[in-house]
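> I have a structure I would like to understand better, so I am pasting it below and will then ask my questions one at a time.
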Amino acid sequence: MKSSLKNFWQRLNLPSQNEIKASINSFSKRDYFIFVGAILTLTISLFAIIYKIDNKYSIKIPAYGGILREGVIGTPRFINPLLAVSDSDKDMATIIYSGLMKKDIYGTLIPDLASSYEISKDETTYTFILRDNIYFHDNNPVTADDILFVIQSAKDSLIKSPRQINWQGINVEKVDEKTIKFILKQPYASFLENTTLGILPAHLWKKVPPNQWSLSELNINPIGSGPYKVASIEKNSGIPTSYKLISFSKYSGGRPYIKNMYFNFYDNENDLISAFKNNDVDNINSISPNNAQELEKAGFKTVHVVLPRIFGVFFNSSQAPIFTDKAIIKAFEKTINKKAIIDEVLFGYGRAINSPLPPNMIEYASISSEDSDLSTTSADEAIAILEKSGWKLGENGIRQKEKLTVISQKTGKKTTAQTTKENTELSFSLSTSDIPELKQVAEMIKQDLEKIGAQVDLKIFENGNLNQNVIRPRQYEALFFGQVINKESDLFAFWHSSQRNDPGLNIAMYANPKVDKSLEALLTSINLQDRAKKYLDFQTEIEKDSPSIFIHSPEFTYVLRKNIKGLIINDLRNPQDRFANISNWYIKSDSIWKIFTKN
């Protein structure tokens, strides 16, 4: 072999190694430096060419590995889709469990444990086919029996699941090991949303008596079929302080790229912020706008998405008859400075609104309020509206309106009418929670309204007291409060006339037969065009009747330390939706030439 290489080298007629050394030794000092420089230039040029070729023909792809640490306020107690209440419960349940369906980054429902589903023509029967090779974290297969067990458990009154109401009147049948059927009494537009419910392993939970579910260790050491499974738990005096999760290779949506996730729990926002600044956690959320602004100014990456929350002033004309005069509402709408509220209270992390529909529900129709400039206010226009309606400024600086009252009197066979005059003042109380942001907004509203001659008595209540003793018995004249609107049933609860009294949530005490019909249709209609029209009808009637003044929708703020790739947040109905595509998040990456990638 050596002799053949030597002969090949000789046939090339190239100088020998000794000849090359002799030539180099014959160089002058100047020639030597020129030679070395030429060799270095050639080498650098060669590497530059290789680098350019690699850049041109290679791409970055996600690689498995990496660690992500999530900071959360509150300690989880029920990491269980049927019992989860707190955000810490729901955050962990979202990535430990999986359902028949899940949300993508746009909020669209797509199959998860299911491979496909069919809806009957009358829209009352949903049939799901499960994927092949789907497993729980303990390697037991997920079957139709597990789906059946979870739905039956959700409906069990002894378990007291907050999700029980979602499954009332819905029958579930096992067709075979991979097929499950749901039968509805009537079409229900949001039914598919119900099927995102995480599936529990029946072989473990059926051993727990229904009245003992809340005490089970499985709530703290959960086993699901989601993208991440529990590896270990750190506790302090028996209370979990941190969870280590590892990616689940058998997850139906594919093994997540990030290998390890840690959930660290903190008692309050100050502790959470300190942990983030001390590099103990990588991601945090649910922080106040001023802290979010401070971290953003410090250079940390933040993601902002408008939440489906509506904050506004809701008027109770049964307690304050002056609000039957719609001129008052129109004048108030003109003078409340929504932009100042967004800037000063929310530090820009919110959106001014004038609709009962959250901005992220507007995909159903072109019914958003963006055509009007919500940042424009005019005290002069507001005063003109009040003056035209008869509200004159009194000597005490409060507007008054003269009201004529006719009193009928009967003397013998003769009836006489006597007219009396009385003045009604533009004076009322505004109730709200003692949550700092709500108090501050309510104070700004009070100041704006007093500029046009209204007298506003601000009443601040502890949140529990506000709900129990003010809102439930409807003991308020005006209320600054928020609504969470995730689906049509929420709109029904807040605006249908049947919900005016406790336990209903119609805090504006609003009644309109047209709105009732629209809301009832939205509960059952699946056709998008029909639904768009009903949303438009609903909003039009609300705008016409002015039962409330809608102020703002806040933003969800997610603060990130690491440059997490693949993280996309377009639509959030709740904070847990930030994990919609967590399997596609990645920290590490590899380079590969394009010709080796799949088309």
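The values are calculated or read from the model by the stated rules, or taken from the named source; none is laboratory data. Quick caveat, the model's predicted, so the values are computed rather than measured. Every residue, glycine among them, receives a Cβ derived from its backbone with ideal geometry; neighbour counts consider all protein chains shown.
> Pick from Ala63, Ala93: which is modelled with pLDDT under 95 and not charged (D, E, K, R)?
The unique qualifying residue is Ala63.
> Out of (1) out of contact with any Gly (no Cβ under 6 Å at 6 or more places or on another chain); (2) surrounded by fewer than 21 Cβ atoms within 10 Å (Cβ to Cβ), the odd one out for Ile587 is which?
(1)
> If you check Thr127, Thr195, which single one turns out to be touching a Leu at 6+ places or on another chain (Cβ under 8 Å) and polar (S, T, N, Q)?
Thr195
> Tell me, which residue of the range 120-147 that is in contact (Cβ under 8 Å) with a residue 40 or more places away in the chain and among the aliphatic types (A, V, I, L, M) is farthest from Ile223 (Cα to Cα)?
Filtering the range 120-147 for residues that are in contact (Cβ under 8 Å) with a residue 40 or more places away in the chain and among the aliphatic types (A, V, I, L, M), the one farthest from Ile223 (Cα to Cα) comes out as Ile129.
> May I pose another question? Quickly run through the range 175-206 and pick out the residues that are buried (at least 16 other Cβ atoms within 10 Å of the Cβ) and assigned to a strand (DSSP E or B).
Hits for the range 175-206 are Ile180, Lys181, Phe182, Leu184.
> Which pairs do you get when a residue that is small (Gly, Ala, Ser), found in the range 251-270, comes within reach of a residue that is surrounded by fewer than 22 Cβ atoms within 10 Å (Cβ to Cβ), reach meaning Cβ atoms under 6 angstrom, with the pair 6+ apart or on two chains?
Ser252/Arg131; Ser252/Ile134
> To continue, here is another question. Working carefully through the options Gly224, Gly169, find the one that is among the small types (Gly, Ala, Ser) and modelled with pLDDT of 95 or more.
Result: Gly224 is the single residue among Gly224, Gly169 that is among the small types (Gly, Ala, Ser) and modelled with pLDDT of 95 or more.
> Give the range 447-465 a look and list any residue that's surrounded by 17 or more Cβ atoms within 10 Å (Cβ to Cβ) and in a helix (DSSP H, G or I), or say none.
Asp448, Leu449
> Counting only residues that are within 16 Å of Ile329 (Cβ to Cβ) and in contact with a Ser or Thr (Cβ under 8 Å, 6 or more places away or on another chain), give me the helices (runs of 4 or more DSSP H) lying completely in the range 469-552 with at least 1 of them.
528-545
> Quick one: Asn423 ticks every box in (1) modelled with pLDDT under 55; (2) in a strand (DSSP E or B) except a single one, so which number is it?
All conditions pass for Asn423, except number (1).
> Follow-up. Looking for something at negative phi, touching a helix residue (DSSP H, G or I) at 6+ places or on another chain (Cβ under 7 Å) and touching a residue at least 12 places away in the same chain (Cβ under 8 Å) - is there at least one such residue anywhere in the range 303-310?
Within the range 303-310, the subset at negative phi is 303-310.
Next, only the ones that are touching a helix residue (DSSP H, G or I) at 6+ places or on another chain (Cβ under 7 Å) stay: 306, 308.
Next, only the ones that are touching a residue at least 12 places away in the same chain (Cβ under 8 Å) stay: 306, 308.
Scanning the range 303-310, I find at least one residue that is at negative phi, touching a helix residue (DSSP H, G or I) at 6+ places or on another chain (Cβ under 7 Å) and touching a residue at least 12 places away in the same chain (Cβ under 8 Å), so the answer is yes.
> Out of all the residues in the range 337-357, which are over 11 Å from Phe550 (Cα atoms) and not in a strand (DSSP E or B)?
If the condition is that a residue be over 11 Å from Phe550 (Cα atoms) and not in a strand (DSSP E or B), then Asn337, Lys339, Ala340, Ile341, Ile342, Asp343, Glu344, Val345, Leu346, Phe347, Gly348, Tyr349 are the ones that fit.
> Can you tell me how many residues in the range 541-573 are polar (S, T, N, Q), closer than 25 Å to Gly350 by Cβ and surrounded by fewer than 16 Cβ atoms within 10 Å (Cβ to Cβ)? Give the steps one after another, and end with the answer.
Residues of the range 541-573 polar (S, T, N, Q): 546, 548, 553, 557, 563, 570.
Cutting the leftovers down to closer than 25 Å to Gly350 by Cβ gives us 546, 548, 553, 557, 570.
Remaining after also requiring surrounded by fewer than 16 Cβ atoms within 10 Å (Cβ to Cβ): 570.
Number satisfying all stated conditions: 1.
> Let me ask another. Within the range 216-245, work out how many residues are surrounded by 22 or more Cβ atoms within 10 Å (Cβ to Cβ) and closer than 17 Å to Asp89 by Cβ.
Adding up the residues that qualify gives 6.
> Follow-up. What's the number of the only condition in (1) part of a helix (DSSP H, G or I); (2) more than 21 Å from the chain's Cα centre (by Cα); (3) not assigned by TED's automatic domain parsing to the domain that holds Gly226 that Asn291 fails to meet?
Only one criterion in (1) part of a helix (DSSP H, G or I); (2) more than 21 Å from the chain's Cα centre (by Cα); (3) not assigned by TED's automatic domain parsing to the domain that holds Gly226 is unmet by Asn291, namely (2).
> Next question. Which of the residues spanning the range 246-305 are out of contact with any strand residue (DSSP E or B) (no Cβ under 7 Å at 6 or more places or on another chain), crowded, with 19+ Cβ neighbours inside 10 Å and of a type in the set (Ser, Thr, Tyr)? So that I can check it myself, show each step before the final result.
First, the residues of the range 246-305 that are out of contact with any strand residue (DSSP E or B) (no Cβ under 7 Å at 6 or more places or on another chain): 249, 251-254, 267, 270-271, 273-274, 277-279, 288-291, 293-294, 297-299.
With crowded, with 19+ Cβ neighbours inside 10 Å added as a condition, the list becomes 251-253, 273, 289.
Residues satisfying the conditions are Tyr251, Ser252.
> Separate question: Go through the range 511-540 and give me each residue that's among the hydroxyl-bearing types (Ser, Thr, Tyr) and touching a residue at least 12 places away in the same chain (Cβ under 8 Å).
Ser518, Thr524, Ser525, Tyr535 - these are the residues of the range 511-540 that are among the hydroxyl-bearing types (Ser, Thr, Tyr) and touching a residue at least 12 places away in the same chain (Cβ under 8 Å).
> Residue by residue through the range 223-255, note down the ones that are touching a Leu at 6+ places or on another chain (Cβ under 8 Å), within 16 Å of Phe78 (Cβ to Cβ) and assigned to a strand (DSSP E or B).
Result: Val230, single match.
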